[in-house]
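Below is one structure; the comments refer to it alone.
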Amino acid sequence: NVAKDPSINNYEYMGKIPLLNSSTESLPPKVCSYIEECASLCCPKDIYICDGSDTEYEHLLNFLEKNGTISPLPKYENCWLARTNPADVARVEKRTFISTECKRDTIPIPCEGVIGELGNWISPRDMEKAILERFPECMKDRTMYVIPFSMGPVGSPFSKIGIEITDSAYVVCCMRIMTRIGKNVLETLGNDDFVKCLHSIGVPKSDSKIEINSSWPCDPERTIILHRPDKNEIVSYGSGYGGNSLLGKKCFALRIGSTIAKDEGWLAEHMLILAITDPKGRKRYITAAFPSACGKTNLAMLKPTLPGYKIECVGDDIAWMRFDQEGRLRAINPENGFFGVAPGTNCITNPNAMKTIFKNTIFTNVAATSDGGVFWEGMEEEISDDVEITDWRGKKWTRGSKTPAAHPNSRFCTPIQECPVIDPGWEDPAGVPIDVILFGGRRPEGIPLIYQARNWQHGVFIGASMRSEATAAAEYTDKVIMHDPFAMRPFFGYNFGHYLNHWLSMTKVKNAKVPAIFHVNWFRKNADGKYLWPGFGENSRVLDWILRRIDGEDIAVDSTVGLLPKSESFNLENLSKDVNMEELFSLPKSFWEKEVRDIREYFDMQVGDDLPAAIREELELLACNVDKL
Ligand code: GTP
Ligand code: MN
Ligand code: MN
């Protein structure tokens, strides 16, 4: 335990609680009073200020190993496997709330009798109550860690600082990978304001029905994730898992981030950022918003099959974007690591991820092999047949078993630096210039491989009407097609109608040259349920068409939904498999009639009066075009 480190001796107290490795004097006063406030609420046994050093990381890993939370993976270099409580495996959207005085600031008011799907609102009073029902003395026998972290390169004008307070050493270790933490962050912060992030894994009530093991304490029955945008405050209780506990990520960079972005005139989005160099040596940057588990990490590190192309990664999950003086949209990746979906990742689908993740990585809920390695669905060809496999719950697993070896939402948490195709400009404090924005989702039917928006307003409509098949990243279990506008449905920090207005207003930013917008769908299936498009590296063919398109080549033709590739304009040379292009790009009338009905119903029921007129106009235009099909 860091707390028992003999090198730490003369400490001072904060109230009655020992402050282990720092003095109140060395901390900015605002940080100090936040720590005091949290400590008096949570009553930890001691307080530890994280410095981000290697020694500290080693101590924490040791502590976690002794506690049974993680075990080493000797097959690789400094890699660890964490197994969570089986009741704590994904984000909990239904238990995630935004708190504002006025409800309509947070969510559009749905039609009467309809359950709102665009976020959950809680009054400041009830938020306070929820905190007081859970946090008093919740850290009683635990160390309270204080993590100063920067989202974005320390000191960049894009960057924002947060302080996360947590009683989980696992969270500290993952935050160290996912963000930039430590002393220089506090120095940069000075006595400025920061985003307050309080997290506890919680203590279940004595009558809890969920079995809790000491290796992964949590309180799934009372888990709650709260945000207070007007105070830049996040409070998370009961879960140690990813998006619920690494508060810099979804809670700060997206939910609080989007509210700050709206006020300051920029965009905080659930988007990857990649650099693509074409055969002529021209380099462009693309961002893409796909819902959780729909291919961002894969596309961000893509190995192109088309000769002459090179893709480099800037980020795989979140983009903060703003227009510069010249009117170019510039983006940074506020994160410092990848928290990527493990299943499906292998040397064919994502070779660059496979080269990234076997060093300095914390895996969570993947399966283990008898030779000290990891395994998940999709890794069958990567391990030899004689190794034995232990599943994510720690039980012996045999090949062909009905239950998966790795949890479908199991993840790797790995430093970006390890990525062999990281873009040299990825930490540029000024951000990288964005030429193209992609939207996309998992659409087994009706949606073509690629089409282009006719203009910015049409593009915003396409983002607003995004839908996708549900995945394991949250608590939904059916494979239903869900609306997921801008891939942000779980992450909006404020009213979606206002968010749309904010996007529409980008054309009015001084000098703004707005990027071209496209919609892609790698997931269309034929009648036998087989994917029509090989995907992965072959997606470089789609990017090739996009780049030639923005270079002004005459390769697009207007259609019902937007601009489609002219026949023969798509590069299919040496494609690894026969593709039925006609089926892949077809626009079935009955499908699109239903799509228009569904989108209309969604807008009417969910967004109501908050839907901007420009978006309604685009919907009517689409409806009219579909009629003519
Ligand atoms: P979050 O990190 O949760 O936001 O998700 P993500 O968008 O980064 O998803 P990720 O890239 O991890 O992809 C998740 C799943 O999509 C994996 O099972 C991939 O194998 C699969 N996938 C990615 N790209 C393709 C593709 O081009 N075709 C097909 N068929 N599957 C793909
Ligand atoms: Mn994500
Ligand atoms: Mn990802």
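The charge dipole of the chain, taken about the Cα centre with unit charges on the Cβ atoms of Lys, Arg (+1) and Asp, Glu (-1), comes to about 260 debye, rounded to the nearest 20.
Per residue, the stretch 474-629 exposes 46 Å² of solvent-accessible protein surface, assessed with a 1.4 angstrom probe and all protein chains in place. Pair-distance distribution of the stretch 348-397: all C-alpha pairs, bin width 10 Å, starting at 0; shares per bin in whole percent are 23, 56, 20, 0.
Our compactness index for the stretch 269-411, the C-alpha radius of gyration over the empirical 2.2 N^0.38 Å, is 1.23.
Neighbours of Leu572 by Cβ distance under 11 Å: Lys/Arg scored +1, Asp/Glu scored -1, total -3.
Solvent-accessible area of the stretch 408-447 (1.4 angstrom probe, protein heavy atoms only): carbon and sulfur portion equals 51 percent. For the stretch 198-343, with all protein chains in place and a probe radius of 1.4 Å, 46% of the accessible heavy-atom surface sits on carbon or sulfur. When Glu469, Glu381, Glu326, Glu593 are compared by accessible area at a 1.4 angstrom probe, the order from most to least is Glu381, Glu326, Glu593, Glu469.
Sorted largest first, the principal axis extents computed over the alpha-carbon atoms of the stretch 408-467 equal 38, 36, 18 Å. Here the stretch 199-302 is treated with +1 on each Lys and Arg Cβ and -1 on each Asp and Glu Cβ, and its dipole about the Cα centre works out to around 500 debye. Each peptide in 173-182, 126-135 gets a packing score, the mean of other Cβ atoms within 10 Å over its residues, and the list from highest to lowest is 173-182, 126-135. On a per residue basis, the stretch 123-216 carries 41 Å² of accessible surface, using protein heavy atoms and a 1.4 Å probe.
Shown here is the pair-distance distribution of the stretch 274-330: with all Cα-Cα distances grouped in 10 Å bins from zero up to the longest one, the shares run 22, 45, 29, 4 percent. Summed over qualifying helices (DSSP H, 4 residues or more, each -39500 (n - 2.57)) and divided by its residue number, the chain shows a 222 nm mean residue ellipticity of -6500 deg cm²/dmol.
Can you tell me the convex hull volume per residue for the stretch 136-261, based on C-alpha atoms, in Å³ to the nearest whole number?
With only Cα atoms used, the stretch 136-261 gives 109 Å³ per residue.
Comparing the chain with the 2.2 N^0.38 Å rule of thumb, its C-alpha radius of gyration ratio is 0.95 (two decimals). For Tyr57, the shell of other residues with beta-carbons less than 11 Å away shows a net charge of -3, using +1 for Lys and Arg and -1 for Asp and Glu.
Rg ratio for the stretch 59-157: its Cα radius of gyration over 2.2 N^0.38 Å, N being its residue count, equals 1.58. Only alpha carbons enter this Debye calculation for the stretch 57-109, each as an equal point scatterer, and the log10 of I(q)/I(0) it gives at q = 0.14 Å⁻¹ is -0.61. Estimated at the nearest 10 Å², the accessible area of Lys628 is 150 Å² with a 1.4 Å probe. Volume per residue for the stretch 521-623 equals 144 cubic angstrom (convex hull of Cα atoms).
A Förster distance of 56 Å, applied to the separation of the beta-carbon atoms of Thr560 and Asn184, puts the FRET efficiency at 0.55. Could you let me know the centre-to-centre spacing of the stretch 284-309 and the stretch 111-157, using Cα atoms, in angstrom? Cα centres, the stretch 284-309 to the stretch 111-157: 32 Å. Between beta-carbons, use under 11 Å as the cut-off and find the net charge around Met466, counting Lys and Arg +1, Asp and Glu -1. Value of the local net charge: +3.
Per the Debye calculation on the stretch 219-351 with a single equal scatterer at every Cα and no solvent contribution, log₁₀ I(q)/I(0) for q = 0.12, 0.13 Å⁻¹ amounts to -0.56, -0.65.
Counting only Cα atoms, the size of the stretch 174-231 along its three principal axes is 45, 28, 16 Å, in decreasing order. Where q = 0.24 Å⁻¹, what log10 of I(q)/I(0) comes from the Debye formula for the stretch 415-504, counting one point per Cα? Log-scaled intensity ratios, in q order: -1.17. Ligands, DNA and RNA left out, the accessible area of the stretch 547-629 computed with a 1.4 Å probe is 47% carbon and sulfur. Beyond 15 Å, the tail of the calculated P(r) for the stretch 216-259 holds 38 percent of the Cα pairs.
Averaged per residue, the stretch 269-405 has 37 square angstrom of accessible surface, using a 1.4 angstrom probe with ligands and nucleic acids left out. Considering only Cα-Cα distances, which of the following residue pairs are longer than 28 Å: Lys249/Lys594; Lys283/Lys589; Lys355/Lys513; Lys103/Lys129? With Cα atoms farther than 28 Å apart: Lys249/Lys594; Lys283/Lys589; Lys355/Lys513.
The values are calculated or read from the model by the stated rules, or taken from the named source; none is laboratory data. All values derive from a computational prediction rather than experimental measurement. Note that each Cβ is placed from the backbone with ideal geometry, even for glycine, and that neighbours are counted across all protein chains shown. With ligands, DNA and RNA removed, areas are computed over all heavy atoms of the protein, side chains included. Shrake-Rupley method; radii C 1.70, N 1.55, O 1.52, S 1.80 Å.
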